[in-house]
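Structure first, then comments.
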Amino acid sequence: MNNVYHFDDARRSIVITRQDLPAPWINYLSNGHLHAFVSQAGGGCLWWQSPLLFRLTRYRLQHLPMDTPGFYLYVREQDGAIWSPTLRPCATPVDERRSEHRPGISTFAARRGTLRVELALFIPPDEHTLVWDVTVYNDGTRACAVDLFAYAEFGMLDWKQDTDWEYYVRHNLNVWLDEPGQAVVYLYHHHYHPRIMDAPLVWLGAAAPVVSFCGDRDAFIGPYGDEGRPAGVQRNRLGNEAIACGEPCAAVQTPLEVPPGGRVRTAYFLGATAAALPHWPDALGRMRATLAALRQPGRVDALRARLGRWWDEHLDVFHAALPDADCARMINIWNPVQSVHTGRYSRSFSSQASGVRGMGFRDTCQDMLAIAYRKPAWARATLLYLLSQQLPDGRTVHECFPGQQRAPDPHVHIDDPLWLPMLAYAVLAETGELALLDCAVPYLGADGRPAGTATVWEHLLAVTDFIEAHLGEHGLPLILLGDWNDSIRAFATPARGESMFAAQQYVYILGQLRAMAELRGESETARRLAALRDKQMQAMLACGWDGAWWRRGFDKDGNAIGSAACAHGKIWINAQSWAVIAGVGSRAQHERAMQSVYEMLNTDFGLKKLHPSFPSWPDVARPYSGYSPGCGENGAVFCHANTWAIIAEALLGNAERAWQYYRQLVPHLALHKAGLERYQAEPYAYVSNIVGPENNKYGWANVTQVTGTAA
Ligand code: GLC
């Protein structure tokens with residue numbers, strides 16, 4: 001696929017030479033507070049802290065034309081031609097175009113005739129600005145005058161309000177040009193916003209003097225116009241529209257002249273200044289100071305260098321020298337890059353995901369396992385936050401929203417708390433800081449407020465209380481609202497239906513907790529934990545083995561889930577891999593079960609979650625879930641579950657098979673096998689799942705970027 005993209009591993013980059021891909025291939029740009037994603041075509045979104053509460057610019061997820069709006073730079077030439085270094089938004093043909101994603105920075109370059117324009121987008125550490133670093137090259141023999149227009153469309157910050165109430169709340173804002181700052185400034189101030197006092201001031205400033213501006217999207221675009229040919233750019237003069245209501249945007253015009261054979265570098269800064277309303281006009285002053293500093297000569301280069309160092313430090317922690325370049329690239333570059341993104345965004349926000357899921361509780365525990373050994377302080381801080389989302393009886397929330405108080409959902413997934421000790425163990429293993437277990441952390445009250453405190457160690461032990469209080473008739477943990485497999489709840493009622501996977505996880509963490517108890521010198525607690533582990537082990541051995549693999553659990557009527565006796569879903573992947581990981585059963589059982597996995601679940605693109613898929617509507621009256629066969633929870637290749645099978649084969653010493661499973665999951669290789677038009681997703685990021693062979697879209701990759709697979 002050399003005519004579409006290629007990797008440049010020395011630069012840690014992917015160069016994309018065909019921009020009209022079947023789906024956006026995104027890169028995340030972030031400093032941990034201000035975040036953006038941008039696609040190879042220039043579509044993208046900017047947000048502050050939370051993609052739900054402070055979504056600064058709009059991105060229309062499922063609308064056509066796809067992948068709009070974004071960070072648009074219009075180039076207007078003297079002959080009236082309007083084009084962009086990115087594929088979006090102008091249809092004007094150019095002679096050459098390429099984009100490059102690297103960790104934390106994306107670069108777009110295009111040439112039309114003798115004029116070349118390059119745009120680099122990045123958010124530097126400690127500076128709340130999306131920097132647009134622009135260079136215009138004139139390869140011709142005569143001086144060339146061009147007008148550049150930078151443009152971004154703002155939203156109403158609170159994404160739900162923007163979606164549901166936009167026609168009311170758009171009367172609560174201002175956009176104007178701040179002369180001293182030479183920036184278009186956006187202030188949103190609807191008092192229903194749940195955290196309006198924390199809302200930032202948003203601005204678009206230019207390095208060069210602004211000769212015209214526009215704050216009104218509809219005036220910029222023109223009636224029934226489109227982003228590709230905005231009225232203001234066609235006129236070559238924006239109308240200087242400041243607004244106190246309407247559809248907000250920021251557009252600025254800066255002309256420049258490039259000598260023959262020369263180049264001119266300039267920049268735009270799309271940024272945020274914290275706490276606009278309570279500290280007004282101080283916030284405005286801070287914005288001006290920030291912009292003045294950003295305009296200092298050499299500043300953009302210094303910020304780029306600082307960003308590069310941040311990523312070097314992250315990526316240099318671990319390096320594997322391998323003869324297999326495709327795997328080495330994933331292990332050394334793109335997988336640890338994606339792990340930073342999932343650490344920040346969990347399952348919430350991407351070019352496909354709306355942001356509504358917040359930080360999944362178990363998901364974030366899982367994601368931090370990949371952060372703990374590279375940035376232990378980050379994993380430690382996240383652990384303390386997650387502990388504050390645990391209730392006194394040991395259960396935890398399923399989704400959390402940092403910075404917001406929400407009453408916990410009374411319905412519980414059995415597995416959420418089980419991931420907590422795994423994360424605590426990983427943090428301790430990296431830091432050796434046993435005293436962490438004595439830190440006090442509040443519990444979460446039923447009203448969403450802190451309720452009482454306990455030590456980290458007490459929090460962790462409360463997990464065992466919760467599980468022991470929720471065992472079923474076979475002695476295995478109840479499914480409740482689901483385990484790692486959400487859809488398994490279809491087999492359960494609140495009081496019946498048991499999960500083998502949760503049982504395996506439970507014995508695994510009981511081993512970890514016991515090790516911690518011993519390190520603390522608490523021999524009595526260690527003995528108690530060992531006894532709980534033996535009891536759970538016996539329960540599994542008594543009912544879990546099906547003959548050639550492990551059962552997945554029991555339904556509300558006591559029938560086995562995942563048994564040869566079942567018509568569908570005879571074998572489920574996780575119960576096999578986790579038997580090995582948790583050390584449940586004999587070596588012979590492990591070998592046999594993993595062989596069954598190979599024979600029944602393996603496909604060209606990886607291991608299916610279960611086999612055979614369950615039929616769904618309209619073929620049956622009461623399906624297991626609404627998922628069509630081969631989709632999602634129902635027989636797709638679930639990439640995250642594949643990672644545990646890889647670990648299991650590695651633990652068994654089956655190196656070749658572990659390697660085969662690892663390799664067939666490498667996105668770049670899966671994409672080649674499926675074909676670009678079928679696979680669609682990025683070749684440098686894992687997806688959550690790939691449609692399985694029982695569906696005619698076999699090979700279509702879904703839920704890109706924000707998946708536990710990365711960790
Ligand atoms: C998705 C969800 C995750 C869940 C998994 C399996 O990846 O994000 O929370 O455990 O699906 O259902």
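Determine which member of the set LYS673, LYS609 is surrounded by fewer than 21 Cβ atoms within 10 Å (Cβ to Cβ) and among the basic types (Lys, Arg).
The match here is LYS673.
Based on what the data block shows, is HIS474 more than 16 Å from the ligand (Cβ to nearest atom), outside any helix (DSSP H, G or I) and more than 22 Å from ALA641 (Cβ to Cβ)?
yes
Out of region 298-327, which residues are over 29 Å from PRO51 (Cα atoms) and either within 16 Å of the ligand (Cβ to nearest atom) or touching a residue at least 40 places away in the same chain (Cβ under 8 Å) (or both)?
If the condition is that a residue be over 29 Å from PRO51 (Cα atoms) and either within 16 Å of the ligand (Cβ to nearest atom) or touching a residue at least 40 places away in the same chain (Cβ under 8 Å) (or both), then VAL317, PHE318, ASP324, ALA325, ASP326, CYS327 are the ones that fit.
Just to be sure, is ARG265 basic (Lys, Arg) and either part of a loop (DSSP other than H, G, I, E, B) or surrounded by fewer than 16 Cβ atoms within 10 Å (Cβ to Cβ) (or both)?
So ARG265 fits the description; yes.
Would you check if VAL356 is within 16 Å of the ligand (Cβ to nearest atom) and not in a helix (DSSP H, G or I)?
Yes: the conditions hold for VAL356.
Could you list, in sequence order, all residues of region 403-432 that are out of contact with any helix residue (DSSP H, G or I) (no Cβ under 8 Å at 6 or more places or on another chain) and over 30 Å from PHE54 (Cα atoms)?
Residue satisfying the conditions is GLY432 alone.
If you go through region 683-711, how many residues are more than 16 Å from the ligand (Cβ to nearest atom), over 18 Å from ARG663 (Cβ atoms) and either in contact with a His (Cβ under 7 Å, 6 or more places away or on another chain) or not aromatic (Phe, Trp, Tyr) (or both)?
Counting residues in region 683-711 that are more than 16 Å from the ligand (Cβ to nearest atom), over 18 Å from ARG663 (Cβ atoms) and either in contact with a His (Cβ under 7 Å, 6 or more places away or on another chain) or not aromatic (Phe, Trp, Tyr) (or both) gives 5.
Of all strands (runs of 3 or more DSSP E) completely enclosed by region 33-90, which ones contain at least 1 residues that are of a type in the set (D, E, K, R) and either within 24 Å of TYR188 (Cβ to Cβ) or in contact with a Gly (Cβ under 7 Å, 6 or more places away or on another chain) (or both)?
Correct list: 55-57.
So which residues in region 117-169 are assigned to a strand (DSSP E or B) and either among the small types (Gly, Ala, Ser) or modelled with pLDDT under 95 (or both), if there are any at all?
ALA120, ALA145, ALA150, ALA152, GLY155
Residue check: is LEU29 part of a strand (DSSP E or B), at pLDDT 95 or above, surrounded by 20 or more Cβ atoms within 10 Å (Cβ to Cβ) and hydrophobic (A, V, I, L, M, F, W, C)?
When the stated conditions are applied, LEU29 passes them.
Count, please, the residues in region 94-110 that happen to be surrounded by fewer than 18 Cβ atoms within 10 Å (Cβ to Cβ) and either in a strand (DSSP E or B) or under 33 Å from the mean Cα position of the chain (by Cα) (or both).
Residues meeting the conditions: 1.
What pairs come out if I take residues in region 509-523 that are free of Cβ contacts under 8 Å to residues at least 40 places away in the same chain and pair them with residues that are among the polar types (S, T, N, Q) whose C-beta lies under 8 Å away, six or more apart or interchain?
Short answer, once both residue conditions are applied: ALA517/SER523; ALA517/THR525.
Would you mind listing the helices (runs of 4 or more DSSP H) fully within region 606-711 where at least 3 residues are touching a residue at least 24 places away in the same chain (Cβ under 8 Å) and of a type in the set (A, V, I, L, M, F, W, C)?
It comes to 639-652, 667-674.
Of the conditions (1) away from the ligand (no atom under 16 Å from the Cβ); (2) in contact (Cβ under 8 Å) with a residue 40 or more places away in the chain, ALA495 fails just one. Which one is it?
(2)
Of a type in the set (A, V, I, L, M), more than 16 Å from the ligand (Cβ to nearest atom), under 17 Å from ARG551 (Cα atoms) and in contact (Cβ under 8 Å) with a residue 60 or more places away in the chain: which single residue out of MET594, MET600 fits that description?
Among MET594, MET600, only MET594 is of a type in the set (A, V, I, L, M), more than 16 Å from the ligand (Cβ to nearest atom), under 17 Å from ARG551 (Cα atoms) and in contact (Cβ under 8 Å) with a residue 60 or more places away in the chain.
Looking only at region 411-437, count how many residues are free of Cβ contacts under 8 Å to residues at least 24 places away in the same chain and in contact with a Lys or Arg (Cβ under 6 Å, 6 or more places away or on another chain).
Residues flagged as free of Cβ contacts under 8 Å to residues at least 24 places away in the same chain and in contact with a Lys or Arg (Cβ under 6 Å, 6 or more places away or on another chain) within region 411-437 amount to 0.
Among the listed residues ASP158, ASP164, ASP126, ASP147, identify the single one that is among the charged types (D, E, K, R) and free of Cβ contacts under 8 Å to residues at least 12 places away in the same chain.
When all the criteria are applied, what remains is ASP164.
Within region 603-653, which residues are within 28 Å of the chain's Cα centre (by Cα), more than 14 Å from the ligand (Cβ to nearest atom) and among the β-branched types (Val, Ile, Thr)?
THR603, ILE646, ILE647, listed by residue number.
The values are calculated or read from the model by the stated rules, or taken from the named source; none is laboratory data. Model, not experiment: these values are computed from the prediction. Please note: Cβ atoms are built from the backbone with ideal geometry, for glycine as well, and neighbour counts cover all protein chains shown.
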